[in-house]
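Reviewing the structure listed below.
The values are calculated or read from the model by the stated rules, or taken from the named source; none is laboratory data. Only a predicted model underlies this, so the values are computations on that prediction, with no experimental measurement involved. Please note: Cβ atoms are built from the backbone with ideal geometry, for glycine as well, and neighbour counts cover all protein chains shown.
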Amino acid sequence: MPQDRAAALAEIAEEIKQCTKCALYKGTTNAVPGAGNIHAEIMFIGEGPGFHEDKQGLPFVGRSGDYLNYLLKLIGLDREQVFITNVVKHRPPENRDPLPDEIIACKPYLDKQIELIDPLVIATLGRFSMARYFPNGKISQIHGQPLYDDNRAYYPFFHPAAALRNPGLRSDMEADFKRLLEVIEKVREMRAGGSGPSGNGDSGGGPANDTPPEQLRLL
Ligand code: URA
C-alpha cells in the first residue's frame, strides 16, 4: 500500500536525523530536515543550516530567515504555506560552503522530499541549490528567470544572506519575489492543461503543517 505523504516525509526526517553518510553530522546539535506545508505549491531550497538553524532544528530561523519571512509577506504569503529546506541537512562547520561530496550524500533526501511534495515551483536560494537545475548558471545573470520544465518551474533567487550583506541586491530580490505568484499561476495553468503530473492527492498528519494551502491566488 502506498505510504501517505506525511508519513513518508516523517520517515525521511527521521533518516536525516540519524544520517552519518558524510561527516557533517559531527559536532552539530540538530539535523534540519526541512519544515512547512507538505502540500506546498512552493518549495524553497537553501544552502545549509547555520548556527540558529542547528540549535533549533528548523530552516531559515536566523537573520536570513527573518528576511525570507519579510519577502514572503511582501507577496502575501507566510511560512505555513510553503516548504523550506536545504541542499545539506546538517550545518557545515563555521558555516562554510557545503562540499560537493556532502551535497551528493544528501541529495537522495532532497530528491525524495521534492518527489513527495511535488511543488509547482522550486525556488532556489543561492548558488548551491541553483546548481541542481542550472549547472552553468551565474546567479547574477539568471536570478528571477524561471525555467519551466516537466510541469514545474525552477526559479532562482539570490540567497537572502547575500542580499543582507549587499543591500544593492535587495531591489532585484524583491522584484524577483513579486513575480513568484505569476510563476505559480503559469504552472497551475500548465498542469490544468493536463500534460503532466498534478500532484499526489494524499493527505494526513505529519512532521510539518499538513493543512492543504489556500490556493495562492494572484491579487
Ligand atoms: N541559510 C541557508 O541556506 N539555510 C538555512 O536554513 C539558513 C541559512
For this session: State whether one or more residues within the range 18-32 are within 15 Å of the ligand (Cβ to nearest atom), under 26 Å from MET173 (Cα atoms) and part of a loop (DSSP other than H, G, I, E, B).
Result: yes
Problem set entry | From the options TYR25, TYR70, residue that is touching a His at 6+ places or on another chain (Cβ under 7 Å), surrounded by fewer than 20 Cβ atoms within 10 Å (Cβ to Cβ) and modelled with pLDDT of 95 or more | TYR25
Exercise. Within the set of pairs 6 or more residues apart or between chains, which connect a residue that is closer than 10 Å to LYS178 by Cα inside the range 63-74 to a residue that is in a helix (DSSP H, G or I) and within 14 Å of the ligand (Cβ to nearest atom) with Cβ atoms less than 9 Å apart?
Worked result: LEU71/PRO160; LEU71/ALA163; LEU72/ARG79
For this session: Among what's in the range 153-176 and is under 17 Å from the mean Cα position of the chain (by Cα) and more than 15 Å from the ligand (Cβ to nearest atom), pick the residue that is farthest from ARG63 (Cα to Cα).
Result: ALA153
For this session: Only one of these is in contact with a helix residue (DSSP H, G or I) (Cβ under 8 Å, 6 or more places away or on another chain), of a type outside the set (Val, Ile, Thr) and surrounded by fewer than 21 Cβ atoms within 10 Å (Cβ to Cβ): ALA162, ALA123, ALA131. Name it.
Result: ALA162
Exercise. Restricting attention to the range 84-104, does a residue exist that is buried (at least 23 other Cβ atoms within 10 Å of the Cβ) and more than 12 Å from the ligand (Cβ to nearest atom)?
Worked result: no
Exercise. Which of (1) modelled with pLDDT under 95; (2) within 11 Å of the ligand (Cβ to nearest atom) does ASP150 not meet, given it meets every other one?
Worked result: (2)
Exercise. If you take the residues in the range 35-56 that are within 9 Å of the ligand (Cβ to nearest atom) and in a loop (DSSP other than H, G, I, E, B), which one is nearest to ILE122 (Cα to Cα)?
Worked result: GLU47
